[in-house]
Every structure is written in structure tokens, then in C-alpha cells.
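S.K.: Have a look at this one before I ask anything.
The values are calculated or read from the model by the stated rules, or taken from the named source; none is laboratory data. Owing to the predicted nature of the structure, the values given are computational and were not obtained by experimental measurement. In this analysis, Cβ positions are derived from the backbone assuming ideal geometry, glycine residues included, and neighbour counts consider all displayed protein chains. Remember, those area values only see protein heavy atoms, side chains included, never the ligands or the DNA or RNA. Shrake-Rupley method; radii C 1.70, N 1.55, O 1.52, S 1.80 Å.
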Amino acid sequence: MSAFLVEGGRRLSGAVAVHGAKNSVLPILAATLLSGGRSVIHNCPRLSDVDASLAILEHLGCRTSREGDTVTVDSGPMDRYDVPDALMREMRSSVIFLGAILARTGQASLSRPGGCELGPRPIDLHLAALRAMGARVEERGGDLLCGAGAGLTGCTITLAIASVGATENAMLAACGCGGTTTILNAAREPEILDLQRFLRAMGARVEGAGTSTVVVEGRRPLHDCEHRVMADRIVAATYLAAGAAAGGEVLVTGIDGRQLSTVTAVLREAGCRLHSEGDFISLRRDGVLRGVRPIRTAPYPGFPTDAQPPVMAALCAGEGTTVLVETIFENRFRHASELARMGADIRVEGRVAVVCGVPRLHGAPVEAADLRGGAALLVAALGAEGESRITGLRHIDRGYDRVEEALTALGASVDRVE
Ligand code: EPZ
């Protein structure tokens, strides 16, 4: 089993570039099905979730290739519309393929995505949106069988929750609808704006992404396109949390700081000095971190739920107390028990965690239980005294591209060992 061996207590110093965003490239890879042409995607990170998406595209008959950070997908040869259970289990967010397969072929069958480490991951909003467009959706023995019948029709959809995935699925299905689709209470995450940019490059008529009303004019002629994926704001937040935990000075480049203003505000209140300008954010931490006002996760532009674990990890060592409220997922504090093995003082009650700062964490053998929880263990280990051994790297590798190389370049001691 592979593990990260981390020798903590080394201050960080240097610059690190942020790789392409997992949560942008995954829906974009699904969207490549719509054109039946070639899509060239630059700044595509090397992640196991990207590999899982490419495996699904190839299963559907597409041709994919990678040269460095550029992935090319030719969806012309697509000749299937099903995503088998094995591939669905690889990545629960594969449900994002549903709208695109339906729009392209008029039918889709995929096994219902299971829950994940964060709790049940319902897809009722995805299915309600597709049904509103006229899709027939049957659930048979764990499989979802969808049919567009005489074709999907544009309509007005109101999402009960500003769901990122449901917004993206509706946008992709809407590209195959006759007429105009309006999505109300759409999620406003920057990754949705990046998806709109990709769809426009393909020839689609989409507007409003980044606001809570997205409008798609369907059945536009779509063609070959090229796109550069936006930077991963959660990876950037993780590097900043690492600098806060280990101390020193970190320059995170290639990121628009405005996308992380709620995270940088918390780190500043905790005692870090931050400067954000153009496409970089610098962070310096010299003194002892302090507790901050309660952190409540929320849909964008609120505090991102994906940044909660690494920021919690940074706040474990310091003075004062911080209350964190996880409003998005019901089981997203699993890293707290592993952080406690490193000496953290965290009390969890349902969706509320109370972190009481301790002078220093100490290294320990810990195991990642989910993607961002794994990142939290890495952040904590950097600031801890002594050696930590982090297992469960399959979770971390889903969303971080060679993170040990990035941290080592900043002066950390992180080795991937078998
Ligand atoms: C996306 O997940 C991200 N994943 C998540 O990142 C991120 O945490 C989440 O958005 C919130 O920002 C990708 O983009 C691949 P949601 P998604 O639908 O789309 C409920 C990471 O670490 N809901 O916005 O699945 C749901 O249970 C991952 O990179 C329904 O009830 O999130 C949750 O409570 C983790 N019914 C809330 O909405 C539905 O049909 C928000 O979920 C859909 C969602």
C-alpha cells in the first residue's frame, strides 16, 4: 500500500503553480460528447478522476489521447449510450455524463451512482431536470434507463438546491433540447462559468453561468473546439492552508484570488498575511495562528465545503477556538478523528465541529477516508512535530496532481513510498 511519509516542522518557502480544476474538467469531458467532433483540452490535470472519465468516453466509443497537459477527445465514433456499473463505481460524479449522452443519442443507461464517503449523494434534482425536458427516466434494479422519446424540449427548470452537478447536467442536456432552457437557482461556482466557456467554444448558445439563471438555446450546430481549463481553486486553498500550518511564505500562482476570498479572509483573520493580485496569492505566517469567527460552508460565493477540511487542519495548532458548520454534506468531518490522532482537540456534533487550538500537533500514522479529508491530513502533517505516515492515497490522487512534488518544491519533506 502506498503512503506519504511526511517529516513535519519545516517552514515552507517558494512558489507553486496551481494545476487545472478537477471540478471543471470532469463536466467538460462529459460535454465533449455533444459535438461528435474533436475537443482539445489544455491544462488537464493528471488525476484518477480524469482517467476514470476518459475510460467512460472510450467505453462509449470515443477516441482519447493525452500529450502532457493536453487531452484530445474525438467523440465522432461514439456508438454506445451505457455506462456500466464498474465504471460508475470508479467515480460517483459520473452521473454528469447522463445529460450529455441523452442529448447526443436520445437515450442513456447508467447504474445509479452509489453514495460516497461524504454521505448519500442523491441525484433527484438531476433526474427532475431531465424529466422536465421530456426525458423518460426509469429506475430498474439499480440502473437508470433514460429515453428522450421524440426528443427533449427546452423549458424552465427551478432547482430546489443550487446543485453544481444538477446545474451542469441540465446545461448539457439543454444543448440537445429544441428551444430554450432556463435554469433558475443555478449553482454559481466558477467551474460552471468554465463549462459555459467550453460549450461556447463548441458553438453552443449558453449565457448566465456564474449567476443563478443560466439560459441555453438548444440544438445549435456544434463543432471541434479547443479550451484551457481554469485553475483549481480548492488545490490553491490547500496550498495556502499548508503555508498556514507549516509557517513560512508561499506564493500560489495561476489563480484568481477573487475566487477564494472567503478562504483568504479566514486565513487572514487567523493571523496570516495575505496578498492577492492578478493571478497570484501570497501567504506568510510567522506568529501563532488564532481561532476565527464561525466558518459556515455554503454554495459559491460562500465558504467552499471542499476547503473546509484543509482549513480545519491548519487551525488545529494555534490559540483559540473555531466553530465549523458543514451545511452541504452530512458526513464531512471524518478527518477530525485522524487529526485527533495527531493531537488535535476537535469535538464533532453532527454538522458542527469545534476546534480548540493546541500548541503543536505531533506526527502519527493516519489514513485518508476521502479526497479533501486526505488533503487535511497532509496539511496537518506539514506543521506537526515529527514523522507522519498517510495512507489512503487513492483518495488524494483523485483530486491532487503529484501533490508531493509541489510540496517538496516548497521545502516540505513529503515522500511517496510503497
Ligand atoms: C460538486 O459536487 C463537486 N464535485 C464537489 O466537490 C463539491 O463539494 C460540491 O459540488 C459542492 O460544491 C464535482 O464538481 C465533481 P452538489 P456535487 O450537487 O455536484 C444535494 C470534491 O471534493 N443534492 O452541489 O455532487 C447534495 O446531497 C467534491 O472535489 C441533492 O439533494 O454537489 C448536497 O447536499 C466533493 N440532490 C448539495 O445538494 C441532487 O440531485 C450540494 O451538492 C443533487 C445534490
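S.K.: Select from the range 40-84 the residues that are open to solvent by 50 Å² or more (accessible area, probe 1.4 Å), of a type in the set (Ser, Thr, Tyr) and either touching a residue at least 40 places away in the same chain (Cβ under 8 Å) or under 19 Å from residue 95 (Cα atoms) (or both) and list them in ascending order.
M.R.: Within the range 40-84, 81 is the sole residue that qualifies.
S.K.: I would also like to ask the following. Inside the range 201-219, can you point out the residues that are among the basic types (Lys, Arg) and surrounded by 16 or more Cβ atoms within 10 Å (Cβ to Cβ)? Reasoning before the result, please.
M.R.: Let us first name the residues in the range 201-219 that are among the basic types (Lys, Arg), namely 205, 219.
Matches in the range 201-219: 219 only.
S.K.: Would you call residue 174 of a type outside the set (D, E, K, R), under 29 Å from residue 312 (Cα atoms) and away from the ligand (no atom under 14 Å from the Cβ)?
M.R.: Numbers: of a type outside the set (D, E, K, R): yes; under 29 Å from residue 312 (Cα atoms): no; away from the ligand (no atom under 14 Å from the Cβ): yes.
No.
S.K.: Taking residue 341 as the residue in question, decide whether it is surrounded by fewer than 24 Cβ atoms within 10 Å (Cβ to Cβ), under 24 Å from residue 416 (Cβ atoms) and over 18 Å from the mean Cα position of the chain (by Cα).
M.R.: Working: surrounded by fewer than 24 Cβ atoms within 10 Å (Cβ to Cβ): yes; under 24 Å from residue 416 (Cβ atoms): yes; over 18 Å from the mean Cα position of the chain (by Cα): yes.
In short, yes.
S.K.: Can you pull out the residues in the range 139-168 that are at pLDDT below 95, under 29 Å from the mean Cα position of the chain (by Cα) and open to solvent by less than 80 Å² (accessible area, probe 1.4 Å)?
M.R.: Selection gives 142, 143, 144.
S.K.: Between a residue in the range 375-404 that is among the hydroxyl-bearing types (Ser, Thr, Tyr) and any residue that is modelled with pLDDT under 95, which pairs come within a Cβ distance under 9 Å, given they are 6 or more apart or on different chains?
M.R.: 391/1
S.K.: Considering (1) over 15 Å from the mean Cα position of the chain (by Cα); (2) over 30 Å from residue 280 (Cα atoms); (3) not aromatic (Phe, Trp, Tyr), say which one residue 92 fails and leave the rest.
M.R.: Here residue 92 clears every test but (1).
S.K.: Further question: Just the residues that are under 30 Å from residue 280 (Cα atoms) and part of a loop (DSSP other than H, G, I, E, B), please, taken from the range 213-232.
M.R.: As a first pass, look at the range 213-232 and keep what is under 30 Å from residue 280 (Cα atoms): 213-214, 225-232.
Result: 229, 230, 232.
S.K.: Return yes when residue 373 is within 16 Å of the ligand (Cβ to nearest atom), over 20 Å from residue 292 (Cα atoms) and crowded, with 17+ Cβ neighbours inside 10 Å and no when it is not. Step through it out loud before you land on a result.
M.R.: Values: within 16 Å of the ligand (Cβ to nearest atom): yes; over 20 Å from residue 292 (Cα atoms): yes; crowded, with 17+ Cβ neighbours inside 10 Å: yes.
Considered against the rule, which asks whether it is within 16 Å of the ligand (Cβ to nearest atom), over 20 Å from residue 292 (Cα atoms) and crowded, with 17+ Cβ neighbours inside 10 Å, residue 373 comes out as yes.
S.K.: Exactly one of (1) more than 16 Å from the ligand (Cβ to nearest atom); (2) among the hydrophobic types (A, V, I, L, M, F, W, C); (3) outside any helix (DSSP H, G or I) is unmet by residue 33. Its number?
M.R.: (3)
S.K.: Can you name the residue in the range 87-138 that is in a strand (DSSP E or B) and near the ligand (Cβ under 9 Å from one of its atoms) and, of all such residues, is most open to solvent (accessible area, probe 1.4 Å)? It would help to see each step written out before you state the result.
M.R.: To start, the set of residues in the range 87-138 that are in a strand (DSSP E or B) comprises 107-111, 116, 119, 136-138.
Imposing the further condition that a residue be near the ligand (Cβ under 9 Å from one of its atoms) reduces the set to 116, 119.
Numbers: 116: 38, 119: 12 Å².
Of everything passing the filter in the range 87-138, 116 is most open to solvent (accessible area, probe 1.4 Å).
S.K.: Give the range 306-327 a look and list any residue that's crowded, with 19+ Cβ neighbours inside 10 Å and within 23 Å of the chain's Cα centre (by Cα), or say none. Step through it out loud before you land on a result.
M.R.: First, pick out the residues of the range 306-327 that are crowded, with 19+ Cβ neighbours inside 10 Å: 306-318, 322, 324, 326.
Passing the criteria: 306, 307, 308, 309, 310, 311, 312, 313, 314, 315, 324, 326.
S.K.: Right, next: Only residues that are among the hydrophobic types (A, V, I, L, M, F, W, C) and within 18 Å of the chain's Cα centre (by Cα): list them for the range 96-126, please. Let's see the steps before the verdict.
M.R.: Looking only at the range 96-126, we keep the residues that are among the hydrophobic types (A, V, I, L, M, F, W, C), and these are 96-98, 100-103, 108, 110, 116, 118, 123, 125.
Those that are among the hydrophobic types (A, V, I, L, M, F, W, C) and within 18 Å of the chain's Cα centre (by Cα): 96, 97, 116, 118, 123.
S.K.: Among the residues of the range 271-305, write down those that are away from the ligand (no atom under 15 Å from the Cβ), among the basic types (Lys, Arg) and within 29 Å of residue 211 (Cβ to Cβ).
M.R.: If the condition is that a residue be away from the ligand (no atom under 15 Å from the Cβ), among the basic types (Lys, Arg) and within 29 Å of residue 211 (Cβ to Cβ), then 293 is the only one that fits.
S.K.: Since residue 343 meets every condition but one in (1) at positive phi; (2) within 16 Å of the ligand (Cβ to nearest atom), which condition does it not meet?
M.R.: (2) is the only condition that residue 343 fails.
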